[in-house]
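Every number in this text was worked out from the coordinates using simple rules, so none of it is lab data. Quick caveat: nothing in here was measured; it's all calculated off a predicted structure. Cβ atoms come from the backbone with ideal geometry, glycine included; neighbour counts cover every protein chain shown.
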Amino acid sequence: MLLDGWHYIVEMKWTSKVSVIRELDSLYGKVSRSGKQTMGVFISINGWSTHVVDLIKQNSDKSIFLISGYDLRSALSRDVDLIKMLYKKLSKLNLESEPFFGAESMIG
């Protein structure tokens with residue numbers, strides 16, 4: 001995916017279990033081996049374990065942000081504009097080191 005000159009490597013987990021940090025490790029590797037204008041997007045339909053967000057925050061390279069199943073459904077049903085949601089997620093990551101900003105905060 002290409003947005004505003006940045007490349008995004010997207011990985012998605014569609015499992016009944018929540019995702020754990022090990023599942024993001026391959027995405028981190030792909031992003032780190034790519035060019036400087038590359039970010040990672042990790043989509044997990046059923047969310048992630050409670051420690052995933054904190055572990056991402058500990059990484060000094062803020063290059064991955066998270067999308068939940070709810071975020072994806074909100075974009076597909078057009079309750080939230082996908083591009084606006086991506087910009088908001090990027091802003092939260094870049095300005096507040098927050099890898100997850102939920103679509104529910106944009107609805108209503």
Subject >> Residues of the stretch 32-53 satisfying the condition of being under 11 Å from Ile21 (Cβ atoms), surrounded by fewer than 19 Cβ atoms within 10 Å (Cβ to Cβ) and within 12 Å of the chain's Cα centre (by Cα) >> reply: Val53
**OP:** Determine which member of the set Asp61, Asp79 is loosely packed, with under 13 Cβ neighbours inside 10 Å and either outside any strand (DSSP E or B) or touching a residue at least 40 places away in the same chain (Cβ under 8 Å) (or both).
**Re:** Asp61
**OP:** Quickly run through the stretch 1-20 and pick out the residues that are under 14 Å from Leu82 (Cβ atoms) and either in contact with a Gly (Cβ under 9 Å, 6 or more places away or on another chain) or aromatic (Phe, Trp, Tyr) (or both).
**Re:** Tyr8, Val10
**OP:** Please work out if Ile43 is in a loop (DSSP other than H, G, I, E, B) and of a type in the set (A, V, I, L, M).
**Re:** no
